[in-house]
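The values are calculated or read from the model by the stated rules, or taken from the named source; none is laboratory data. Just so you know, these numbers come straight off a predicted model, no measurement behind them. Quick reminder, even Gly has a Cβ in these numbers, built from the backbone with ideal geometry, and neighbours come from all protein chains shown.
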Amino acid sequence: MRILVTGASGFVGRAVVENLAAQGHRVRAAMRQPADIFSRAVEVVAVSDLSRPLEWRPLLSDIDTVVHLAGIAHTPSGVSDELYDRVNRGATAALAAAAARNRIQRLGCVSSIRAQAGPAADHALTEADSPHPIDAYGRSKLAAEHAIRTAELPYTILRPALIYGPGVKGNLAALIRLAQSPWPLPLGALRNRRSLLARGNLVAAIHLALATPAMQNETYVVADPTALTMAEIVAALREGFNRSPRLLPVPPALLALAFKAMGREHQWDRIAGNCVVDAAKLLAVGWRPMTDTRAGLTAMAQAA
């Protein structure tokens, strides 16, 4: 296949490009700041900031498949609703329209589980749930999905859970730093379960989506098969640092009060809420995730 990968220098994009190139595909890696990070077999091209209109046709020349990863990631603050919409929805809609005109054979889009729900849910999330994003980021991702579905081209949409792997940033990076601390942590009583997704498992899902006719014009939630409690997540990270768990069983209600007192109520749902993602539909079409969550988290900590 001749594949355009957008967001190629990102946390997921780099792994996707390396995987596709290693499997013999001709890959065009689009990124804002080109760098010598790929093999010579990969064609690296510069693109402008997606907050401004972009001419997609040159990027799609001689391309039959697109993996769309570029966009603004979720952040607690600092990004306006309008910018989320312009980049995540607007740029995706323009790409989908151009891809349809160029008769692209498959557009694979990595969306987010936040297009479907907030940071916590009272049941296991599946594709059958009606999407109810609760913030501008999630709404922009859902709108981008709609733009793809209405563009009249073959597509597959993946909604990944929180992705982890060496070099991860954001909330997981902060949790890694916390786990690295030698001090006991008051998280032993947190039995809420959360789904995570190994970066390598997501790459496998993307490759499967591009190669499997049955996945055409379908949407899939993506997560490692086993959800872990927050206590188990921290214990796996601490194992990677050769530390014992040292998790104190402080009642969650007391922790909630402490978060409220610090003005960090928005973080509490991400730590103490349940967010289980059921990827049975993806498993049924042949997805075989190779990384176990506990082992993957431990390996990530070891590489930190």
Scanning the range 141-194 for residues that are among the hydroxyl-bearing types (S, T, Y) and modelled with pLDDT of 95 or more, which turns out surrounded by the most Cβ atoms within 10 Å (Cβ to Cβ)?
-> Y164
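Yes or no, residue by residue, for (1) of a type in the set (S, T, Y); (2) in contact with a Phe, Trp or Tyr (Cβ under 6 Å, 6 or more places away or on another chain); (3) farther than 30 Å from P154 by Cβ:
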position	(1), (2), (3)
N192	no, no, yes
A211	no, no, no
P249	no, no, yes
F259	no, yes, yes
I271	no, no, yes
N274	no, no, yes
List, please: which pairs have Cβ atoms under 6 Å, are six or more places apart or on different chains, and start with a residue in the range 178-200 that is under 15 Å from N274 (Cβ atoms) and end with one that is crowded, with 22+ Cβ neighbours inside 10 Å and not aliphatic (A, V, I, L, M)?
-> R194/C275; L196/Y164; L196/D224; L196/T293
The one condition in (1) outside any helix (DSSP H, G or I); (2) over 19 Å from the mean Cα position of the chain (by Cα) that K260 fails to fulfil | (1)
Condition check for L282: within 12 Å of N201 (Cα to Cα), buried (at least 17 other Cβ atoms within 10 Å of the Cβ) and touching a strand residue (DSSP E or B) at 6+ places or on another chain (Cβ under 7 Å) = yes
Please enumerate the residues belonging to the range 91-135 that are in contact with a strand residue (DSSP E or B) (Cβ under 7 Å, 6 or more places away or on another chain) and not in a loop (DSSP other than H, G, I, E, B).
-> T92, L95, A96, A99, R106, L107, G108, C109, V110, I113, A115, L125
Only one of Q216, Q267 is among the polar types (S, T, N, Q), touching a strand residue (DSSP E or B) at 6+ places or on another chain (Cβ under 7 Å) and surrounded by fewer than 16 Cβ atoms within 10 Å (Cβ to Cβ); which?
-> Q216
Of the conditions (1) part of a loop (DSSP other than H, G, I, E, B); (2) under 30 Å from T226 (Cβ atoms); (3) small (G, A, S), G78 clears all except one; give me its number.
-> (2)
Of L237, L283, the only residue that is in contact (Cβ under 8 Å) with a residue 60 or more places away in the chain, aliphatic (A, V, I, L, M), part of a helix (DSSP H, G or I) and under 30 Å from D135 (Cβ atoms) is L237
Identify the single condition in (1) modelled with pLDDT of 95 or more; (2) surrounded by 11 or more Cβ atoms within 10 Å (Cβ to Cβ) that R103 does not satisfy, given that it satisfies every other one.
-> (2)
What about V44, is it buried (at least 22 other Cβ atoms within 10 Å of the Cβ), at negative phi and without any contact (Cβ under 8 Å) to a residue 60 or more places away in the chain?
-> no
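Considering each residue of the range 1-44, count those that are β-branched (V, I, T) and either farther than 23 Å from Y164 by Cβ or part of a loop (DSSP other than H, G, I, E, B) (or both), and give that number.
First pass over the range 1-44, keeping only residues β-branched (V, I, T): 3, 5-6, 12, 16-17, 27, 37, 42, 44.
Next, from what is left, pick out any that are either farther than 23 Å from Y164 by Cβ or part of a loop (DSSP other than H, G, I, E, B) (or both): 3, 12, 27, 37, 42, 44.
So the count comes out to 6.
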Residue hits (the range 148-190; part of a helix (DSSP H, G or I), within 19 Å of Y220 (Cα to Cα) and out of contact with any Ser or Thr (no Cβ under 8 Å at 6 or more places or on another chain)) are R149
